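Rule-based calculations on the coordinates, nothing more; no lab input. These figures come from a predicted structure and were not determined experimentally. FYI the Cβ positions are ideal-geometry reconstructions off the backbone, even for glycines, and counts take in every protein chain you see.
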């Protein structure tokens, strides 16, 4: 009887972790104000990918690794910016990250106000504007919480960067909520 309960507990725990890993966070499409904000950050004629990140979310490492892979695959054809969630009272973190062999600037986002304008409610949410300043993609780069691997989102973004039309314009985001209370297990 004890062995059966122990085994049932392990199976239930594993099933719970699998369900959590596969459950996407919340996200929305960028607001009308997002275009102006992104245009102010964008270099003329260059695509820009902005990723909202929670510095204490354990899933953020996988999102950053995927962004690094994407930047390497783009061969310098796309600029990136990290929008770091920053509640009042938290210490200021890095001014840049090195991803895909490139220095990526980090902009502090007090209380997630800028991320909210981009529709980002979950760490890892990206918004891509093409070379002409049109928002062409929003969503996540990972295929599950904290897991790396080729994702359709990367392919869609690279299609835009190369001047094409992507097969998808949004993707689920896997990470913690952009709030002071990171709900990671």
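Sorted by packing (mean other beta-carbon atoms within 10 Å per residue), highest first, where do 56-63, 39-46 land?
Numbers: 56-63: 21.1, 39-46: 11.5.
Going from most to least packed, we get 56-63, 39-46.
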| field | Sorted by Cβ neighbour density within 10 Å, fewest at the top, the residues 138, 125, 167 | value | 167, 138, 125
| Binned at 5 Å from 0, what are the whole-percent values of the Cα-Cα distance distribution for the stretch 123-172, short to long? | 5, 24, 33, 22, 11, 4, 1
| note | Here the FRET efficiency for residue 75 versus residue 181, based on Cβ atoms and R0 = 35 Å and rounded to 0.05, is 0.35
| One-quarter of the Cα convex hull surface for the stretch 73-182, in nm²? | 7.0 nm²
| message | Suppose R0 equals 25 Å. What FRET efficiency, 1/(1 + (r/R0)^6) with r the Cβ-Cβ distance, do residue 46 and residue 88 give to the nearest 0.05? | response | 0.15
